[in-house]
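The values are calculated or read from the model by the stated rules, or taken from the named source; none is laboratory data. Quantities reported herein were computed from a predicted structural model and do not represent experimental measurements. We place every Cβ from the backbone using ideal geometry, glycine too, and count neighbours over all the protein chains shown.
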Amino acid sequence: MGDSDHSSDPSVRLEELIDESVKVKRRAYCPYSKFPVGAAVLGCDGRIYTGCNVECAVYPLTMCAERNAITKAVSEGCKKFTAVVITSDLKNSIITPCGACRQIIAEFGMDAEVYMTKSDRSYTKLTLRELLPLGFGPDSLQEEKIIVNGAPIPTIQQ
Ligand SMILES: [Zn+2]
């Protein structure tokens, strides 16, 4: 994290975010896939939170870099992000977030900018809304539900 600049504007912090994402990628624990990934999220508090992928011999327990960075931020009190930067060792392709990570990013900001980089630091930027069109999110649970005879439809009692 920079000493002087605490802006939450991704365009101001992008080089720093890429640096942090590359740095944390070196800590990836990926003996099975051999596919290290690093992520850096920029919180609205101006802090940068990082995460790497952590694999497990029980494969489904593997955790992605993006979700690690976001859960780290939330556990430290930051629940809103302006940007997520993702890095990998792919030479010719950008690294894109998996579906599960898109959903977790959506939980904390449909308008977050997602910077999907190549190893030469070039990137494609999309908002989460563009990466997860018609996504289900916290607002979905608040929408009006059908009412029958003045009451919500009862659930089946076992
Ligand atoms: Zn993922």
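In this structure, ALA151 does not satisfy being more than 16 Å from the ligand (Cβ to nearest atom) and within 16 Å of PRO10 (Cα to Cα).
Considered as a group, the residues in the stretch 108-121 that are at pLDDT 95 or above and either within 15 Å of ALA69 (Cα to Cα) or not in a loop (DSSP other than H, G, I, E, B) (or both) include one that is farthest from the ligand (Cβ to nearest atom), and that residue is GLU113.
So, in the stretch 93-107, of the ones that are within 15 Å of the ligand (Cβ to nearest atom) and small (Gly, Ala, Ser), which residue ends up modelled with the lowest pLDDT? Explain how you work it out, then say what you get.
Residues of the stretch 93-107 within 15 Å of the ligand (Cβ to nearest atom): 94-107.
From the residues that got through so far, the ones that are small (Gly, Ala, Ser) too are 99-100, 106.
Numbers: GLY99: 97, ALA100: 97, ALA106: 94.
Ranking the candidates gives ALA106 first.
Applying the set (1) out of contact with any Ser or Thr (no Cβ under 6 Å at 6 or more places or on another chain); (2) touching a residue at least 40 places away in the same chain (Cβ under 8 Å); (3) buried (at least 17 other Cβ atoms within 10 Å of the Cβ) to ARG121 leaves exactly one unmet item: (3).
So which residues in the stretch 99-113 are closer than 23 Å to PHE35 by Cβ and surrounded by 12 or more Cβ atoms within 10 Å (Cβ to Cβ)? So that I can check it myself, show each step before the final result.
Keep residues of the stretch 99-113 that are closer than 23 Å to PHE35 by Cβ, which gives 99-105.
Within the stretch 99-113, ALA100, CYS101, ARG102, GLN103, ILE104, ILE105 qualify.
Can you find a residue that is surrounded by 13 or more Cβ atoms within 10 Å (Cβ to Cβ), away from the ligand (no atom under 13 Å from the Cβ) and assigned to a helix (DSSP H, G or I) anywhere in the stretch 31-51? Looking through the stretch 31-51, none of the residues is surrounded by 13 or more Cβ atoms within 10 Å (Cβ to Cβ), away from the ligand (no atom under 13 Å from the Cβ) and assigned to a helix (DSSP H, G or I).
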